[in-house]
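**Q** Before we start, here is the structure in question, set down as structure tokens.
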Amino acid sequence: MFSKETYIQRRDALKKTVGKGVLLFFGNDEAGANYADNCYPFRQDSTFLYFFGLPYAGLAAMIDIDSDCEIIFGNELTVDDIVWMGAQPSLREKCNLAGVSHVRPAEDLAAYLERAVFSGRQVHYLPPYRAEHVLKLQALLGVKPGGEKPSLDFIRTVVGLRNYKSEEEIAEIERACRVTAEMHLTAMRAVRPGRYEYEVVAEIEAVARRHNCRLSFPTIATVNGQTLHNHCHGNRIESGRLFLVDAGAETEMGYAGDMSTTVPADDTFTPRQREVYELQVACQEISVAALCPGIRFEEVYDLSARVIVVGLTALGLMRGDVTEAVALGAHALFYPHGLGHMMGLDVHDMENLGEIYVGHDGKPKSGQFGRRSLRLARKLEPGFVHTIEPGIYFIPELIDRWKSEKRFTSFINYDKVEAYRNIGGIRNEEDYLITPDGARLLGTKIGRHAADVEAIRRMQV
């Protein structure tokens, strides 16, 4: 945890901005994987962590703005709990670390909320993303299934606070990014023909464990990089293939790192792989160079898309006016996702609160294929932490669909695309902090050009 002053200041800022009413926070509960005592790894709700810092199951919290009262609801451990879990500080002692002096049994929450509702005060809550939260809203506030009405004021205020990372948060994120970079360097050296994907995954995830970190999301490590979120690890790595890794570490306090790397199965890239790979790296570098306060991230995305179209045109895969191709979405055959996303206590920061508020500043998202996947489009500001991850993909099913529909034939040379259809996917990803005068890489710099990757590959474990 940070110092209790950090959490007190965060809650004070929250109360001042929302202004009145009761703010309800649900912490997460343990969840049985296949029976009650065999649980999934516990992870506290990130907004609960941000304002209270307590990484324990079974808690809820209330900030009564009108009464200027902050309460943690939960139960003390019993002797049976201590037998199985060992001695721990009392709940009151834990709450003192967060600067909260009022602690009540979990069963008191219902009566407190009932009095608040009876007196006509607004109970603010955030969008529920777990079934347990939905059930609690139904029981405590009489919310009908599907009838949840999260507080927009609460959402906007939380986003407005969490989007701007403090120095102590940046230090935690940077630690996560350093461990994440080590995970990727390990993967780059571990990949070779004949190994299975799961063998590489084992080495990647062992790095996180050695640093007392967990994973910030399920590891992607695959020879089928054209499948954007491929969590299958059962394939044998064959010569001539590319291997894509997307993995990240999460610190004990819950802050995330997120990087991607693409390497050849062999010691070197094939000529065709190298062509496309170096185009992705050029796109990455130009996108990073454009980062600064005041620029809209969608402008950086458009720049990245134009770089890809220009490069693919030089290879004969695309043609026509570059600006028009990007505006109409022809590039999305090869680049079907966004350029990056906010990152912090969540690897996709506050995605449960709504991308439209976190990454789009409340403005509607585009419905265009590819562009509609922009998780971040808003004007960049100092204190934002986000990823940069353009990619180039050859997805046979998408190629075949667009070709049969004769989509964008004035921009796409489908005959030439056929020669590249088995390359797979190429993505490199880095994490950046927006500073007052530009942007700063978080974590350890990894050489991304083909020659850099091949040099790292020669140092195989």
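The values are calculated or read from the model by the stated rules, or taken from the named source; none is laboratory data. Model, not experiment: these values are computed from the prediction. Ideal geometry is used to build each Cβ from the backbone, glycine not excepted, and the neighbour counts take in all protein chains shown. Remember, those area values only see protein heavy atoms, side chains included, never the ligands or the DNA or RNA. Shrake-Rupley method; radii C 1.70, N 1.55, O 1.52, S 1.80 Å.
**Q** Residues being surrounded by 13 or more Cβ atoms within 10 Å (Cβ to Cβ) and outside any helix (DSSP H, G or I): count how many of those fall in the range 130-142.
**A** Residues flagged as surrounded by 13 or more Cβ atoms within 10 Å (Cβ to Cβ) and outside any helix (DSSP H, G or I) within the range 130-142 amount to 1.
**Q** Here's a follow-up. Looking only at the range 405-426, decide whether some residue is farther than 30 Å from Val200 by Cβ, open to solvent by less than 20 Å² (accessible area, probe 1.4 Å) and either assigned to a loop (DSSP other than H, G, I, E, B) or at pLDDT below 95 (or both).
**A** Looking through the range 405-426, at least one residue is farther than 30 Å from Val200 by Cβ, open to solvent by less than 20 Å² (accessible area, probe 1.4 Å) and either assigned to a loop (DSSP other than H, G, I, E, B) or at pLDDT below 95 (or both).
**Q** In this structure, is Glu238 open to solvent by 10 Å² or more (accessible area, probe 1.4 Å) and not in a loop (DSSP other than H, G, I, E, B)?
**A** no
**Q** Residue by residue through the range 132-159, note down the ones that are within 21 Å of the chain's Cα centre (by Cα) and of a type in the set (A, V, I, L, M).
**A** Residues satisfying the conditions are Ile155, Val158, Val159.
**Q** Give, as residue ranges, the strands (runs of 3 or more DSSP E) completely inside the range 1-67 that count at least 1 residues that are touching a residue at least 12 places away in the same chain (Cβ under 8 Å) and open to solvent by less than 60 Å² (accessible area, probe 1.4 Å). Steps first, please.
**A** Numbers: elements: 22-26, 32-35, 60-64.
Correct list: 22-26, 60-64.
**Q** If you don't mind, there's one more thing I want to ask. Which of the residues belonging to the range 208-220 are in contact (Cβ under 8 Å) with a residue 40 or more places away in the chain and part of a helix (DSSP H, G or I)?
**A** Correct list: Ala208 only.
**Q** List every residue pair whose Cβ atoms sit under 6 Å apart, with the two residues 6 or more apart in sequence or on different chains, where the first one lies in the range 320-341 and is without any contact (Cβ under 8 Å) to a residue 24 or more places away in the chain and the second, anywhere, is open to solvent by 10 Å² or more (accessible area, probe 1.4 Å).
**A** Correct list of pairs: Val322/Arg306; Val322/Val310.
**Q** Just to check your reading of the model, which residue among Val201, Val179 is among the β-branched types (Val, Ile, Thr), free of Cβ contacts under 8 Å to residues at least 40 places away in the same chain and either in a helix (DSSP H, G or I) or buried (at least 17 other Cβ atoms within 10 Å of the Cβ) (or both)? Even if it seems obvious, please write down each step before you answer.
**A** On the way: Val179 fails: free of Cβ contacts under 8 Å to residues at least 40 places away in the same chain.
So the residue among Val201, Val179 that is among the β-branched types (Val, Ile, Thr), free of Cβ contacts under 8 Å to residues at least 40 places away in the same chain and either in a helix (DSSP H, G or I) or buried (at least 17 other Cβ atoms within 10 Å of the Cβ) (or both) is Val201.
**Q** When you look at Gly391, is it closer than 27 Å to Arg296 by Cβ, open to solvent by less than 20 Å² (accessible area, probe 1.4 Å) and not acidic (Asp, Glu), yes or no?
**A** So Gly391 passes the test.
**Q** If you don't mind, another one. If you take the residues of the range 107-122 that are over 12 Å from Leu23 (Cα atoms) and not in a helix (DSSP H, G or I), which of them is most open to solvent (accessible area, probe 1.4 Å)?
**A** The extreme case among them is Glu107.
**Q** If I ask for residues that are at pLDDT below 95, surrounded by 12 or more Cβ atoms within 10 Å (Cβ to Cβ) and among the charged types (D, E, K, R), which ones from the range 77-99 would you list?
**A** Asp81
The rows are residues; the columns are (1) outside any loop (DSSP other than H, G, I, E, B); (2) surrounded by 21 or more Cβ atoms within 10 Å (Cβ to Cβ); (3) in contact with a Cys (Cβ under 6 Å, 6 or more places away or on another chain); (4) modelled with pLDDT of 95 or more.
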site	(1), (2), (3), (4)
Lys144	no, no, no, no
Arg156	yes, no, no, yes
Gly160	yes, no, no, yes
Lys165	no, yes, no, yes
Ile170	yes, no, no, yes
Arg175	yes, no, no, yes
Met188	yes, yes, no, yes
Arg192	no, no, no, yes
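**Q** Pairs only if they're at least six apart or on different chains, beta carbon under 7 angstrom, first in the range 380-391 and within 11 Å of Leu291 (Cβ to Cβ), second surrounded by fewer than 23 Cβ atoms within 10 Å (Cβ to Cβ) and β-branched (Val, Ile, Thr); list them, first residue then second.
**A** Once the first residue is within 11 Å of Leu291 (Cβ to Cβ) and sits in the range 380-391, its partners that are surrounded by fewer than 23 Cβ atoms within 10 Å (Cβ to Cβ) and β-branched (Val, Ile, Thr) give Leu380/Ile295; Ile388/Val288.
**Q** Further, regarding this structure: Mind listing whichever residues of the range 253-305 are in contact with a His (Cβ under 8 Å, 6 or more places away or on another chain) and farther than 30 Å from Pro193 by Cβ?
**A** Phe297, Ala305
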